[in-house]
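Please treat every number below as a calculation from the coordinates, not as lab data. What you see is a predicted model; the values in this text were computed from it and never measured. Here Cβ is always computed from backbone atoms with ideal geometry, including for glycine, and neighbour counts include all displayed protein chains.
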Amino acid sequence: MPSDYDATEFVDGDLQAHKAPALRAGQPQRAPTREELGSKAAETQQKLAAILREKEELERERATLEETRRRQAEFQTGRQEMIHNLTRGLGLLEEAEFNARHDAEQMGKAITDLRDALNKIETIHEESWVAPSFDVELTRALTVLENARMEWNTARLKFPVLAARPQSDSASGPTEAAPAASLFAPQNFAQLCRVGLALTWPVAAMAVVIAGLLLVLLLRR
């Protein structure tokens with residue numbers, strides 16, 4: 001009795017599926033087409049452009065970071081410098097202000113004392129003194145003058161501006177510069193001869209030259 005025979009029952013499908021790529025792998029690969037090369041070149045160019053853009057972005061970021069770092073360092077350096085300068089300047093100005101205020105107070109007190117001394121001197125009228133109290137008034141006036149002199153000397157020691165001599169006093173000193181000796185007033189005959197020679201030798205030399213030229217012209221005739 002014949003039986004039905006099916007050849008596919010003895011074929012392993014998985015084995016055939018693994019054999020097919022192996023067979024294709026053993027075959028030589030075909031050369032890429034012109035379109036495939038163009039596509040790969042365009043893709044590579046796009047990748048390169050993307051890399052260049054990324055590089056430019058990184059360069060800009062690096063430049064920004066460097067500028068920020070420089071500005072930060074400049075700020076820190078300038079901050080320390082200005083803190084030092086301002087602290088030192090405040091200290092110096094405060095000290096100068098204290099000294100100036102102290103000097104101003106001392107000067108104001110000296111002005112008051114000198115004005116009082118001046119008023120006391122101006123109130124002395126010796127023409128009103130009478131004979132019975134003449135000695136007493138004179139002693140009192142001398143005391144006022146002595147006190148004023150003490151105030152004046154004290155103020156001169158404290159304030160150098162009071163010790164400076166007026167220009168009128170320095171201009172009219174006891175000794176004046178002697179006038180310079182005149183060039184035409186020599187002390188002796190020898191000096192007079194030297195001065196005359198110094199003044200006349202250019203004229204004499206010119207006269208000698210002219211006389212020589214005239215003599216040459218006469219001889220040629």
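A compact table of results
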{"read-out": "Spatially proximal lysines relative to K55 (Cα-Cα < 21 Å; intrachain offsets below 8 disregarded)", "value": "K47"}
{"read-out": "Dipole axis of region 45-128 (+1 Lys, Arg; -1 Asp, Glu on Cβ), positive-most option in I51, L86, A110", "value": "I51"}
{"read-out": "Cα→Cβ-extended label distance, 7 Å offset, between E59 and R30, nm", "value": "4.4 nm"}
{"read-out": "Centre separation in Å (Cα based) which lies between region 63-104 and region 110-163", "value": "53 Å"}
